[in-house]
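Report on the structure given below.
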Amino acid sequence: MLLRETRSSKKLTEQAITFGLLLCSSVAILTTIGIVASLVFEAFRFFQQVSITEFLFSPDWSPQTAIRDDQVGASGAFGVLPLLTGTLLISFIAMVIAAPLGLLSAIYLSEYSSARLRNWVKPILELLAGIPTVVYGFFAALVVAPIIRATGSGMGFEISSESALAAGLVMGIMIVPLVSSLSDDVISAVPQSLRDASMGMGATQSETIKRVVLPAALPGIAGSLLLATSRAIGETMIVVMAAGLAAKLTLNPLEAVTTMTVQIVTLLTGDTSFDDAKTLAAFAIALFLFTVTLILNVIALKIVDRFKEAYD
Amino acid sequence: MRKLTGTSMTESSQETERDLIMTARNVDVFYGSKQAIKNVDLDIPKGSITALIGPSGCGKSTFLRCLNRMNDRIDICKVSGDIRYAGQDIYAPKVDPVALRARIGMVFQKPNPFPKSIFDNVAYGPKIHGLSSSKSEMADRVETALKQAGLFDEVSDRLDEPGTSLSGGQQQRLCIARAIAVEPDVILMDEPCSALDPIATAVVEELMESMRDDYTIAIVTHSMQQAARISQKTAFFHLGELIEYGDTGQIFTNPKETRTQSYISGRIG
Amino acid sequence: MTDISTASSSVTPDWTVQTPHRAKRERAEKRFRAYGIVAISIAVAFLASMLLTIFVGGMGAFTSSKIGLDITFNEEVIDPSGARDVSTFRDANYRPLISDALTEIFPEVTGRSEKRDLYKLVSSGAVYQLENMVTENPDLIGTTQRVWLTAGTDANLYLAGKVDQDVDESLRQLSSVQTGRIETLKSGGHIKTALNKSFFTNGDSREPEQAGILGALLGSFFSLLVCFVISFPLGVLTAVYLEEFARKNRLTDFIEVNINNLAAVPSIVFGLLGLAIFLNVFNLPRSTPLVGGMVLALMTLPTIIIASRAALRAVPPSVREAAIGLGASKVQTTFHHTVPLAMPGMLTGTIIGMAQALGETAPLLMIGMVAFIVDVPSSVVDTATSLPVQIFLWADNPEIGFREMTSAAIMVLLVFLVLMNLLAVLLRKKLERRW
């Protein structure tokens, strides 16, 4: 009797603790719900004032609030297109830098380098990944942008002091360690036996890598690059400090462009009242940004998982 | 022990010296500080199948991988001694291991087709070595190799399908076809049947038998029956040493060494 | 078939002969290898030049120029009543003391605007220095002391060699007359360079020579404290649940998907969550480390959970079996045996998560930790900025004096990050030694 009683009370405690642990775990779900709810709710209020079609398809973005009522464009223009092109332009430049640099360093480190070199270079790349983005932003604005402008004017180009190129370049370097570590994982997952087979019939190491390892790792590499792109799209500080505010519908990397994240920061810092379209627009942009990055991540993770399963 | 190996060696070298395609003398292999191969002398006669047998961990695979310098790829692995292919020292500084491996091909324990089509698997070697100048020549070469590997009839209608879609035995024959397509002189096989079922094994063994006219084969096997069935020469390795080497018939019926005797009667390993 | 047999019959080893095809392949091999080295070199060179720029640019902020003046602590000015009351010291105007001392050195300066220029050589913050001296030691009143006062913004830049003398005088902050006076002071032994203590002891300021990072540092500290208190237990317990208790079902799958996706949500979105929920729904105080820490905690959670799960998985099953074999319950086994063994790994992950949180800027901008705040925060509900936000604010400041400060603040931030990562590496080493 006594035995059974202690056992059942012990069991009850166990169940209570397990339930408590489950509650802790649900914070992850609550956070997601919180993000979605806050973005959707405020974005909904925004779309009561500005139509979804204008937001998605209008080519103009100028969210300034009118000082006088009769001012032209008093209500502001809320087309997300220029922000989207700006974001994509900078992310594209970043990936043009990060993809080859990251991939080639990963290949060199995993296939060629001596253990000693690897032990030196890997921490350096990790350091590059650990430096806060605000530091990259400072460097982009203070050093890289002026250099680009000087080089441009030396070659007869007119480059604005805040250019997509400067922000994209620095962001590209920032993403190199991410691409490199993700593709390192993927490349290491390609079975050694395939390398042996290729080398065993007289292929050189680079032939083995280019014709066997990389094609085998391609899906995984594609997944890694998608993850890195999603990171570039969501990056904030570098573009806030180096890309500028001009919402121009352009694909010219030498011009100043603005991005979704820059506009969110601009709209929400400083004194803001919480009911005008200007403030709420930030949430609509954020919802858009969240959706885009989420889709990219889900696809990327699926691809990488499937790739890894194929070689397990 | 070393004396004995020596005597069996002189016997064979006297009768077939000019037909020896590979010779190994005083070969030592170290993994870091651990010695994996101790002072091995071995000859591989041309146009024959030489079987390397012994308990697992005896160094037979390590030795096989020295013959086309696959061990170069392992940083801590150091090979010393004299290994010759057609009279040329293959570890001489001028030798390019890449070119060497084109002449001495390799088939591995687990079938490892590339994640490419059947055609591309076989065409891989000729492509990198620049052996075919036109598409039709390449197609001929792939067909010849597949025929030699006895696989052509089974896959002729699906050359575009991935090599990995084949059965295990077919995959291994694809790997053999892939090795043949480069036209090597010697093919090293590292337990090629250990991952296959008995029927697939029989097919591969038959294939090896038919290849003997055109290629010299050195095969590592854990199966004594297989060695007895297919090889002309057998070398018995134990703890990194070559214990006994001779004609297969002699090794299995009348071994000179007690350790060989113990192994083939199932008392070692 | 035929060509193959002829090839194998003619055994002439030809691999030492360089054919054009082989030479081409060898070049391709070398080229490919070089690509890898170039890629790594670019990344390393970028890192080096970035660190070098910051280091060279920021060193200057750790020292500042001091002007030594013979200050007469005039009782008339400080404490005319003679009561020696601390509140009187606080209310007194110390400006005239400095003006008098300067006038003594430059008696020729008479005009009103001339005088105002002269006084600018000394920082406007210097009066607090005098105030503190008197408060600490009232006996100074009535004496004359050589006091080293912080130089004004422009004088400081000039003395640090940061003013381009080729620029036309009208565009310069300091006129030639002023620089002449500085040179006079210098030759009179009135100038020295000393450690810029105020950089470590002050909050933000509009004047670069008075601005410091203490406020931002404490803001970061309080934010991280809140972040740790929330995210460490939550992260560890979630990991324990998922690794040790959860059965594989839809709910746990869903939790896992959520964790993986949260890890990749742009950080600024977490800031919007904080703004919409913590500030607007729960009405928590804006611009405070409390809210900042909460937002950072949600961001850090995935990192801690993932690392903690890996640490739990590394605990050998034999430990659990041994405990269960002795009659311990699941909860006892987990919390008495498994979790303590996994703790170093969990702490490593937490420190790495904290280091990420320390460098995070964007979400804090969203919840208002971006204001100009002079006061040093003393609790989690005081308004504050954080170190990276301070860097952002200073980097945005066009005044040249702040550029140095920005680099210096980055150096401080990097030192903290390096220390935290070193701690994580040490913990990991300790962990490796165990099994």
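Taking 20 °C and 1.002 mPa s as the conditions, I'd like the Stokes-Einstein D for segment C:63-195 in µm²/s, using the Kirkwood hydrodynamic radius from alpha carbon pairs.
Diffusion coefficient, whole number: 137 µm²/s.
Run the 1.4 Å probe and let me know the accessible area of A:SER51, rounded to the nearest 10 Å².
50 Å²
What does the average come to when, for each residue of peptide A:98-105, you count the partner chain Cβ atoms lying within 10 Å of its Cβ?
5
Hull surface divided by four, with the convex hull built on the Cα atoms of segment B:89-157: how many nm²?
Reported value for the Cα convex hull: 6.2 nm².
On a 0 to 90° scale, report how tilted helix C:289-314 is relative to the longest principal axis of chain C, with both axes built from alpha carbons and the result rounded to the nearest 10.
The angle comes out at about 30 degrees.
May I ask for the percentage of alpha-carbon pairs in segment A:77-310 that lie more than 28 Å from each other?
40 percent
What net charge is computed for the residues neighbouring C:VAL109, neighbours being all others with C-beta under 13 Å from the C-beta of C:VAL109, Lys and Arg scored +1, Asp and Glu -1?
Net charge around C:VAL109: 0.
Segment A:221-252: which residues show an accessible-area loss of 50 Å² or more, assembly versus chain alone, 1.4 Å probe?
A:MET237
A:GLU126 versus C:ALA83, label points 7 Å from Cα toward the beta carbon: distance in nm?
6.3 nm
How many angstrom lie between the C-alpha centres of segment B:178-245 and segment B:114-134?
One Cα centre to the other: 24 Å.
Would you kindly give the portion of the calculated P(r) for segment A:2-49 that falls above 16 Å, as a percent of all Cα pairs?
Everything past 16 Å amounts to 62 percent.
Determine the sum of side-chain charges near C:VAL134: Lys and Arg each +1, Asp and Glu each -1, restricted to other residues whose C-beta is under 11 angstrom from that of C:VAL134.
-3
Could you work out the relative contact order of chain B, using alpha carbon pairs under 8 angstrom and six or more residues apart, expressed as a whole percent?
28 percent
Once the piece of chain linking C:HIS336 and C:GLU75 is laid out straight, how much longer is it, given 0.36 nm per residue of separation minus the C-alpha distance between them?
Gain on stretching C:HIS336 to C:GLU75: 87.0 nm.
Can you flag which of B:LYS34/B:LYS78; B:LYS94/C:LYS30; A:LYS210/B:LYS127; B:LYS78/C:LYS429; A:LYS122/A:LYS210; B:LYS127/C:LYS24 are past 19 Å Cα-Cα?
In this structure, B:LYS78/C:LYS429; A:LYS122/A:LYS210 exceed 19 Å between Cα atoms.
Springs between alpha-carbon pairs under 10 angstrom, Gaussian network model over chain B: which of B:ILE76, B:ILE176, B:ILE44 fluctuates most?
Of B:ILE76, B:ILE176, B:ILE44, the Gaussian network model singles out B:ILE76 as fluctuating most.
In Å², and per residue, what accessible area does the protein assembly as shown have when probed at 1.4 Å with the other protein chains present?
So the protein assembly as shown comes to 44 Å² accessible per residue, rounded to a whole number.
Helix by helix, which DSSP H runs in chain A go 24 Å or more along their axis at the Cα atoms and have an average Kyte-Doolittle hydropathy of 1.0 or more?
Helices passing the filter in chain A: A:81-107, A:164-189, A:214-234, A:277-310.
Simple spin-label model, 7 Å along Cα-to-Cβ: B:ASP197 to A:ALA189 in nm?
3.0 nm
Mind checking how much accessible area C and B bury in total, 1.4 Å probe, in Å² rounded to 100?
What C and B bury together is about 1800 Å².
Which of the residues in segment B:175-212 show a loss of at least 50 Å² in accessible area from their chain by itself to the complete set of protein chains, at a probe of 1.4 Å?
By number: B:GLU183.
Cα centroid distance between segment C:265-313 and segment C:204-221, in Å?
Here the answer is 24 Å between Cα centres.
Of C:THR110, C:THR135, which has the most accessible area with a 1.4 Å probe, and how do the rest follow in descending order?
From most exposed to least exposed: C:THR110, C:THR135.
Could you work out how far helix B:2-16 tilts from the main Cα principal axis of chain B, as a 0 to 90 degree angle to the nearest 10?
Long axis of B:2-16 versus the principal axis of chain B: about 50 degrees.
How long are the semi-axes of the equivalent ellipsoid of segment C:196-347, taking √(5λ) for every eigenvalue λ of the Cα gyration tensor, in whole Å from largest down?
39, 20, 12
Rounded to the nearest 0.05, what FRET efficiency do B:ASP72 and C:ALA34 give with R0 = 30 Å and r taken as the Cβ-Cβ distance? Could you check?
That gives a FRET efficiency of 0.90.
Compute accessible area for segment A:156-184 by itself and then with all protein chains, 1.4 Å probe, and report residues whose area falls by 40 Å² or more.
A:ILE173
Between A:LEU218 and A:LEU81, what FRET efficiency follows from the Cβ-Cβ distance if R0 is 30 Å, with the result rounded to 0.05?
Computed FRET efficiency for A:LEU218 and A:LEU81 comes out at 0.40.
Based on the alpha-carbon gyration tensor of the protein assembly as shown, what equivalent-ellipsoid semi-axes (square roots of 5 times the eigenvalues) come out, in whole Å, largest first?
70, 34, 31
C:LEU296 accessible area, nearest 10 Å², 1.4 Å probe?
Roll a 1.4 Å probe over it and C:LEU296 shows about 0 Å².
Once ligands and nucleic acids are excluded and a 1.4 Å probe is used, how much of C:MET133 is accessible, expressed in Å² to the nearest 10?
60 Å²
Once you place label points 7 Å from the Cα toward the Cβ at A:PHE157 and A:THR13, how far apart are they in nm?
Rounded to a tenth, the inter-label distance reads 7.0 nm.
Tell me the total accessible area that B and A bury against each other, 1.4 angstrom probe, in square angstrom rounded to 100.
Heavy-atom accessible area buried at this interface is about 1700 Å².
In nm, what is the difference between 0.36 nm times the number of residues separating B:SER133 and B:ASP28 and their Cα-Cα distance?
That works out to 33.6 nm of additional length.
Calculate what fraction, in whole %, of the accessible area of the protein assembly as shown sits on carbon and sulfur atoms when a 1.4 Å probe is rolled over the protein chains.
In the protein assembly as shown, the share of accessible area belonging to carbon and sulfur is 58 percent.
Could you work out the mean count of beta carbons from other protein chains within 10 Å of each residue's beta carbon in C:49-60?
Mean shielding by partner chains, rounded to a whole number: 3.
What is segment C:63-195's relative contact order, in percent, from Cα pairs under 8 angstrom and six or more apart in sequence?
43 percent
Using only protein heavy atoms and a 1.4 angstrom probe, determine the accessible area buried between A and C, summed over both sides, in Å² to the nearest 100.
Accessible area lost upon association: around 6200 Å².
At a Förster distance of 35 Å, what's the computed FRET efficiency of B:ASP89 paired with B:ASP160, Cβ-Cβ distance as r, to 0.05?
0.20
Provide Rg over Rh for chain C; use the alpha carbon set for both Rg and the Kirkwood Rh (inverse mean inverse pair distance).
Looking at chain C, the ratio lands at 1.17.
Treating segment C:272-418 as a set of equal point scatterers at the Cα positions, no solvent, please give the Debye-formula log₁₀ I(q)/I(0) at q = 0.09 Å⁻¹.
-0.43
How far is helix C:400-434 tilted, in degrees, relative to the longest principal axis of the Cα atoms in chain C, given as a value from 0 to 90 rounded to the nearest 10?
So the helix axis and the longest Cα principal axis differ by about 40 degrees.
On full extension of the chain, what length is gained from C:LEU419 through C:MET59, given 0.36 nm per residue of separation minus the C-alpha to C-alpha distance?
127.7 nm
The values are calculated or read from the model by the stated rules, or taken from the named source; none is laboratory data. Everything numeric in this text was worked out from a predicted model, so none of it was measured. All Cβ positions, glycine included, derive from the backbone under ideal geometry; neighbour counts span all protein chains shown. We work out accessible area using only protein heavy atoms, side chains counted, and drop any ligands, DNA or RNA first. Shrake-Rupley method; radii C 1.70, N 1.55, O 1.52, S 1.80 Å.
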